[in-house]
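First comes the structure, then the notes that go with it.
The values are calculated or read from the model by the stated rules, or taken from the named source; none is laboratory data. None of the values given here were measured: they were computed from a predicted structure. Using ideal geometry, Cβ is built from the backbone for each residue, glycine included, and neighbour counts are taken over all protein chains shown. All accessible areas refer to the heavy atoms of the entire protein, side chains included, with ligands and DNA or RNA removed. Shrake-Rupley method; radii C 1.70, N 1.55, O 1.52, S 1.80 Å.
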Amino acid sequence: MTAGVGCGGFDGGMTETVLDGVFDLVLGGACVGCARPGRLLCRGCSGELPTGAAPAWPTPVPAGLVEPWAASAYAGTVRAMVLGLKERRLLGLAVPLARLLAAAVSCELPRGSPVVLVPVPSRPRVVRARGHDPTRTITARAARQLKSGGHDVTTSGLLGLARGVVDQAGLDAGERAANLAGSMRVRSGPLRKLLRAGGEVRAVVCDDVLTTGSTAREAQRALEAGGLEVVRIAVVAATPRRMAVQDLGLS
Ligand SMILES: [Zn+2]
């Protein structure tokens, strides 16, 4: 399928736009996209954000990976937003980032059994150092936005990390895959809670950025080992060299 055909707009989460404004007023600052003083994301930059999503296969594709969908290429304003939330803790960006993630989750997803959004787990040490877990935050907000848009969606911190995983930065695709193999596990408490609700559940692995796809693949493996059906990987953005930027309207 050609990326960019994707699907149309996602317009959930209007209430949160108001909250976003409150955050901006409290925190002040400048637009992460164009540096205009005021809101963390000015109306101009906000208006240029993608509203749909498209498949975003990494190259090479990790064997067995379910279809990954991204709302954007990892570039420009979206990249600045991801880094702003992650590294500078600009919490007001969580809402627009969640809207992008929600589009990646819901675009062309067939209707059917309930969907559970599962954030890729971060290392506890990193979460402590940052003071927050951005992937978890935007996943929870995306679930809320989709729910308010009428989707049967929940979120669950189903995945945990085993010990011995080193930082992925600086590793090539093969090294990443080796580092990650067997590094995630399904947490029994949240799994029991999910299964107690009964019925079929479809899992969507959620992350902020897709690079080689090895993290997403490991998350998929762990969920499948826990007996869950993984139907999609959903990310805010995919690295541009692995995704045709013009296909997402960002060229
Ligand atoms: Zn701007």
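Set against the 2.2 N^0.38 Å expectation for a compact globular protein, the stretch 52-186 has a Cα radius of gyration ratio of 1.09.
The three principal axes of the Cα atoms in the stretch 21-122 give end-to-end lengths of 45, 31, 28 Å, sorted in falling order.
With no solvent and one equal point scatterer placed on each C-alpha of the stretch 186-234, evaluate the Debye formula and give log10 I(q)/I(0) for q = 0.13, 0.15, 0.20, 0.22 Å⁻¹, two decimals. For the stretch 186-234 at q = 0.13, 0.15, 0.20, 0.22 Å⁻¹, log10 I(q)/I(0) is -0.31, -0.41, -0.69, -0.80. Kirkwood's formula applied to the C-alpha pairs of the stretch 109-187 gives a hydrodynamic radius of 14.4 angstrom.
Solvent-accessible surface (1.4 Å probe) assigned to S188 amounts to roughly 70 Å². Extending 7 Å from the Cα toward the beta-carbon at both D172 and R185 defines two label points whose distance is 3.2 nm.
According to the calculation over all Cα-Cα pairs in the stretch 61-102, the P(r) per 5 Å bin from zero is 6, 20, 25, 20, 11, 10, 6, 1 %. Scaled to the globular estimate 2.2 N^0.38 Å, the Cα spread of the stretch 127-237, given as radius of gyration, is 1.10.
Take the Cα of E224, step 7 Å toward its Cβ, do the same at H132, and the gap between the two points is 3.4 nm.
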